[in-house]
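Written out below as structure tokens is the structure these notes cover.
None of the figures in this text is laboratory data; all of them are computed from the coordinates on show. As the structure is a computational prediction, the values presented were derived from the model and not from experiment. Positions of Cβ are generated from backbone atoms using ideal geometry, with glycine treated the same way; all protein chains shown enter the neighbour counts.
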Amino acid sequence: MAVVATGKPAVTNFRVLEHGQGWSLLECRLETGRTHQIRVHMAQIGHALIGDPVYLPPQTARQLPEAARPFRRQALHATALALTHPLAGETQQWHSPIPPDMLALLQALRRDAPG
């Protein structure tokens, strides 16, 4: 998956909730649902996800804050999902708290922040 001129349209809106030296916590809202959409768009703008084995270049991974380097999965989590059921036409929603390993990562990144 990649951003290419001949590709299908994909729109990811995001806002920065928090940031530190070499990391940011984002809220992403998708207008489309393409495979790997968030991962591809973040990598395209030079901000690949921590722990992403496909889109995080090794040289960038080596420059991550020390607290992020041992994280062994994509630092990506859907806290809320909503969609319109294709048959019933009703909106369905799901919510899920941030998992403990990601909370620990965020706490470690905050703790290691200079200042």
Using +1 on the beta carbon of Lys and Arg, -1 on that of Asp and Glu, and nothing else charged, what's the dipole of the chain about the Cα centre, debye to 20? 240 debye
Tell me, what is the FRET efficiency for Ala2 and Ala82 to the nearest 0.05, using R0 = 35 angstrom and their Cβ-Cβ distance as r? 0.80
Please list the radius of gyration and Dmax for the range 12-111, considering alpha-carbon atoms only, with Å as the unit. 15.0, 48
Nearest 10 degrees is fine. How inclined is helix 100-111 to the longest principal axis of the chain, computing both from alpha carbons? 50 degrees
Would you please give the residues with an amide H less than 5 Å from that of Leu26, counting only those at least 5 places away or on a separate chain, with H modeled from the backbone geometry? Leu17
Short version: ³J(HN,Hα) in whole Hz for each residue of the range 49-63, in order, from phi by Karplus 6.51 cos²θ - 1.76 cosθ + 1.60 (θ = phi - 60°), x for Gly and Pro, what are they? 6, 4, x, 7, x, 9, 9, 9, x, x, 5, 6, 4, 5, 9
